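Here the structure is laid out as structure tokens; the discussion comes afterwards.
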Amino acid sequence: MLPIIFVLPLLQLVILSNAATFDIKNIKFSYVDHDKTSFSRALIEKFDASTYFNVINQFSSKKEADAAMAKGEVDVILEIPRYFERDLLKQNKTVISVAINAIDGAAAGVENVYINQIVQDFNKNAKVALSQPSDLINAPKDIMAIPSFWYNKTLNYKTFMVPGILVLLVTMITLFLSGMNIVREKEIGTLEQMNVTPIKKYQFIIGKLFPFWIIGFGLLTIGLIISKVIFNTPMVGSLGLIYFYTAIYLLVVLGMGLFISNFTDTQQQAMFIAWFFIVIFILMSGLFTPIESMPKWAQILTEFNPIKYFVEVMRMVMLKGSSLIDILPLLIKTTVYALIMNGLAVWSYKKTS
Amino acid sequence: MKRFIGFIKKEFYHIFRDRRSLFILFGMPIAQVLLFGFAITNEINNVDVAFFDKSKDAITEEIINKIEASKYFTNKQMITNDAEIESVFKKGKVKAVLVFDTDFSEKLTKENKTTVQIITDATDPNTANTINNYLSSILQKYQQEINKEIKISHQIITQTRMVYNPELKSVFTFVPGVMTVILMLVSAMMTSISITREKELGTMEILLVSPLKPFQVILGKVFPYIFLSVINAVVIVLLSIFIFKMPIEGSLFLFGFESVLFIINALSLGILISTISSTQQTAMMISLMGLMLPVILLSGFIFPIASMPLPLQMISHIIPAKWFIIIIKAILLKGVGLSFIWKETLVLIGMTLFFIVLSVKKYKIRLE
Amino acid sequence: MKNNNVIEVENLTKKFGDFTAVNSITFEVKKGEIFGFLGANGAGKTTAMKMLIGISKPTSGKAQVAGFDVFTHPEDIKKNIGYMSQKFALYDDLTVKENITFFGGIYGLSRAKIKEKRCELVEELGLKEIVNELVGSLPLGWKQKISFSIALLHSPTIVFLDEPTGGVDPITRRQFWEMIYKSANSGTTIFVTTHYMDEAEYCDRVSIMVDGKIEALDTPKKLKLQFKAATMDEVFLKLARSPSPTLPEEKGVNI
């Protein structure tokens, strides 16, 4: 059991953090060139040179290309019409068509942006090459945007995901273990044994949950070391603050586990319910998809999601160096949550025994 | 055969007597599909943005209004000094700050050229990048407007066609993923738990001492879950057709066949897990901790496989969920037939056989 | 099986790696006999029994159960034996009736036969009130009786009982042994492992295993004579205390 508690999650932290990236790279690109002029070749060259696109193939007809897309061999088809070069030079205007596999809508949107950037870029160069001196006199007005990405200059996705996945693993393990624990004693019959000893109920609960609290800290510590050593994730804020917050957060999770444990008869049920909530918590936590994009009602629902708070705090403190004042609203909500959850847990425990 | 039917009947009693598990078993897929359909999206909307406007004139005001009017951005907030940028980011709400320098408009009118700084909170690099792109394109549009009178020369226009999902609905991507995750976890977890449960209770021993053959025992335990998983798959597909208007382009029959194949694959994985674990607790931890995240992350459900580092792309090949997602996307959204996906189908069949052979071997060793 | 033996075991051995769990045991059990199989925890009795009921393969030796070889015909053995485990394993979330129907079914009894047997059981054990209750809600004594009856459902030649009286009160134990006698009288052979030495007195013959070997095998009466003991309890203690002859002296103390 111990390897499952420690090794499996940490191995996942190491491996899966690499998997979680929305970077769109290596797009499978293909083209149909009906023009075959120096211009059309130059445009294709541009795509080839880009790091986003991998030129997989060229097709002689659109039909062939479409079939390849249906098979999943290519994701983008660029079709350059006959007289592409001639139209551009003579009529100042030409149309190229692009087909994008849009099953993954978000990726398709990004791919579209990249394609347009490359075409615009090509267009600009072509203009400079083709324009007459007279054009320069009334040059268009230009607003140049200078982006600057704070806290993560290289847009390294791992920096973003590692703290989040760490949160997930800590939560999952502690919730599953605490959820299963008391119900297991019920199943084996040792709970009755405990109830006849002079030990007080709250003592019993604390005694049961304390080891998981410690396990949670153990996981967090090893996880933080891994994220520093392997991923070189920055630790801008205070480590003490993270531990302080985690101490309270773990109480929420353990209370929840205890609550589930009291309401179920078998380990299987407990696990199922814990699993149900974990999956919903994960999906609604802002870990993989931004919370701001959700509709209002869903955003209100996320207020009940402890994982959301932990993910936010971890990212704020580790990456931005947010202070106690910055995370205070989150901390207060978590504390209230912990009080309610443990209150419910103790209440339901009294009821069941 | 009669023995077998009796066995299956018993298994259904177990399932239907446990109301809470049953509720989760069927509530889970519905909740997830609805969440993905209505709440979860990887599009970027309603981002809080702040402005540090040192220029303060008609032009910057117009740009600010334009940004505010866009559906991507809300809640403008004005900032008056540099230190405030840091503090709004640290509070966590504001994701981007636009900084107009004092001479922004002056430069634009006199030199025809000016700059604006877009500072984004890049703790989430993906969102930051997208926000940056959106803001740039709003600026670009404004630029085109003020350049209207100038004749544009040499223009290449791109006509883009979004194939298979013209409205770029993210629910279409997620439905196959949700279905895969649910079928995988429910099937693998349920079987591994229900088999280890018999081990813990001691009834497995009784069954092994009976004239039932071990493979009959296993088959009898697994069969009801095939049935339940098929119901789950049907519910998910119905929800996505009627609530999210997902098109079904391909053959439902082929889809059904592939789904059953995948379910059997997941069940055989569950059997394998049960042969290596002796308690329910271990079985659950292995199926949950070992399967949940890899299936969500390495299958192409949320994150594109092509963007992963090469070693991970290799690992993703051994995740059955990855192949199933390819298959159902192809059938449901692309509408292709078996001739396009026979390779993926063979891989799934191969994996299933491998799991079965391995569990039979493991099972035998236990009996030695 | 000319000589009326239903179990014949000769030099049966089971090794797990270097560890010898069962060390060349030899004995036979006659038809209709109640055979007590005794030993301390870890002495190897469960392993030995598992070999006889066909869920564990012997390393070497010979064994026949109900006329079939454990190496070559384990499946035929399974049809002719009944087995009750120390956990009284029944399905808690099934009713008594459903449990009977299920176990009858896996032994291939016809529906009519199952019904007949069930009615018999209800009559004999007075199950009328509880036949539609979930097994999980019944007291342990009931589970034990039902579990035993289920092991007898298909009228096996031999029934193997693995510590069948753990955790039940003396009265229930008494009743349970009456059930055992009854079925032995009707010709069923009983092979029973137990910790309780008073129960050993009820057996026709008793074997005592120490460290994988059978150290004593006879009727309780003769064993008491042989070991100059007043009760089986004393016999057992003497055997378990005396250093095992198979082990070197210095390691030999094991209680």
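Observations, loosely collected:
- Residues within the stretch C:87-114 that are part of a helix (DSSP H, G or I) and not β-branched (Val, Ile, Thr), tallied: 10
- Complete set of residues in the stretch A:7-45 that are touching a residue at least 12 places away in the same chain (Cβ under 8 Å), surrounded by 15 or more Cβ atoms within 10 Å (Cβ to Cβ) and part of a helix (DSSP H, G or I): A:9, A:10, A:12, A:13, A:14, A:16, A:17, A:18, A:39, A:40, A:43, A:44
- A single entry from A:204, A:231, A:160, A:244 fulfils the requirement of being at pLDDT 90 or above and either of a type in the set (Phe, Trp, Tyr) or farther than 30 Å from residue A:322 by Cβ (or both): A:244.
- Qualifying residues in the stretch A:93-150 (those that are assigned to a strand (DSSP E or B), of a type outside the set (A, V, I, L, M) and in the same structural domain as residue A:29 (by TED's automatic domain parsing)) - the one modelled with the lowest pLDDT: A:93
- Per this entry, residue A:344 is counted among residues that are more than 9 Å from chain B (Cβ to nearest Cβ), touching a residue at least 24 places away in the same chain (Cβ under 8 Å) and assigned to a helix (DSSP H, G or I).
- Failed condition for residue B:198, given (1) at the interface with chain A (Cβ under 9 Å from one of its Cβ atoms); (2) closer than 30 Å to residue C:77 by Cβ: (1)
- The one condition in (1) out of contact with any Ser or Thr (no Cβ under 9 Å at 6 or more places or on another chain); (2) more than 10 Å from chain B (Cβ to nearest Cβ); (3) in contact (Cβ under 8 Å) with a residue 12 or more places away in the chain that residue A:298 fails to fulfil: (2)
- The set of residues in the stretch C:29-66 being crowded, with 22+ Cβ neighbours inside 10 Å, out of contact with any Gly (no Cβ under 6 Å at 6 or more places or on another chain) and of a type in the set (Lys, Arg) consists of C:50 alone.
- Selection of the stretch B:100-125 for residues being more than 7 Å from chain A (Cβ to nearest Cβ), closer than 13 Å to residue B:53 by Cβ and either of a type outside the set (D, E, K, R) or in contact (Cβ under 8 Å) with a residue 60 or more places away in the chain (or both) yields B:100, B:102, B:104, B:105.
- Given (1) touching a residue at least 24 places away in the same chain (Cβ under 8 Å); (2) more than 27 Å from residue A:271 (Cβ to Cβ), number of the condition residue B:36 does not satisfy: (2)
- In this entry, residue B:167 passes the filter for residues that are more than 7 Å from every other protein chain (Cβ to nearest Cβ), under 20 Å from the mean Cα position of the chain (by Cα) and free of Cβ contacts under 8 Å to residues at least 24 places away in the same chain.
- Test: residue in the stretch B:112-122 that is farther than 26 Å from residue A:94 by Cβ and outside any strand (DSSP E or B): yes
- Exactly one residue out of A:308, A:320 is at pLDDT below 85 and either in the same structural domain as residue A:338 (by TED's automatic domain parsing) or touching a strand residue (DSSP E or B) at 6+ places or on another chain (Cβ under 8 Å) (or both): that is A:320.
- Number of the condition not met by residue B:87 [criteria: (1) closer than 27 Å to residue A:296 by Cα; (2) at the interface with another protein chain (Cβ under 9 Å from one of its Cβ atoms); (3) in a strand (DSSP E or B)]: (3)
- Flag if residue A:160 is among the aromatic types (Phe, Trp, Tyr) and surrounded by fewer than 23 Cβ atoms within 10 Å (Cβ to Cβ): no
- Residue that is farthest from residue C:10 (Cα to Cα), among those in the stretch C:59-86 that are assigned to a strand (DSSP E or B) and at the interface with chain B (Cβ under 9 Å from one of its Cβ atoms): C:84
- In the stretch B:277-287, the residue that is farthest from the other protein chains (Cβ to nearest Cβ) out of those that are of a type in the set (S, T, N, Q) and not in a loop (DSSP other than H, G, I, E, B) is B:287.
- Residue C:156 vs. criteria crowded, with 22+ Cβ neighbours inside 10 Å, under 23 Å from the mean Cα position of the chain (by Cα) and either among the acidic types (Asp, Glu) or assigned to a loop (DSSP other than H, G, I, E, B) (or both): no
- Residues being out of contact with any Cys (no Cβ under 7 Å at 6 or more places or on another chain), assigned to a strand (DSSP E or B), of a type in the set (Val, Ile, Thr) and under 23 Å from residue C:233 (Cα atoms) - total across the stretch C:23-58: 2
- Close contacts from the stretch B:289-315, counting a first residue that is facing another protein chain (nearest Cβ under 8 Å) and touching a residue at least 12 places away in the same chain (Cβ under 8 Å) and a second that is crowded, with 19+ Cβ neighbours inside 10 Å and aromatic (Phe, Trp, Tyr), with Cβ to Cβ under 7 Å and a gap of 6+ residues or different chains, come to B:302/A:288.
- Of all residues in the stretch A:301-333, exactly one satisfies the criterion of being more than 10 Å from chain B (Cβ to nearest Cβ), within 21 Å of residue A:157 (Cβ to Cβ) and without any contact (Cβ under 8 Å) to a residue 40 or more places away in the chain, namely A:308.
- Hits in the stretch B:208-218 (condition: under 40 Å from the mean Cα position of the chain (by Cα) and buried (at least 18 other Cβ atoms within 10 Å of the Cβ)): B:217, B:218
- Counting the residues of the stretch A:73-92 that are without any contact (Cβ under 8 Å) to a residue 40 or more places away in the chain and in a loop (DSSP other than H, G, I, E, B) gives 2.
- In a residue-by-residue description of the stretch A:283-296, the property of being modelled with pLDDT under 85, of a type in the set (D, E, K, R) and part of a helix (DSSP H, G or I) applies to at least one position.
- When A:259, A:272, A:231, A:276 are screened for being more than 10 Å from chain B (Cβ to nearest Cβ) and in a helix (DSSP H, G or I), only A:259 passes.
- Single unsatisfied condition, residue B:363 versus (1) away from chain A (no Cβ under 11 Å); (2) in contact with a Ser or Thr (Cβ under 6 Å, 6 or more places away or on another chain); (3) crowded, with 19+ Cβ neighbours inside 10 Å: (3)
- Any hit, the stretch C:94-111, residues being more than 9 Å from chain B (Cβ to nearest Cβ), among the acidic types (Asp, Glu) and either without any contact (Cβ under 8 Å) to a residue 12 or more places away in the chain or crowded, with 22+ Cβ neighbours inside 10 Å (or both): no
The values are calculated or read from the model by the stated rules, or taken from the named source; none is laboratory data. Just so you know, these numbers come straight off a predicted model, no measurement behind them. All Cβ positions, even for glycine, are placed from backbone atoms using ideal geometry, and neighbour counts span all protein chains on display.
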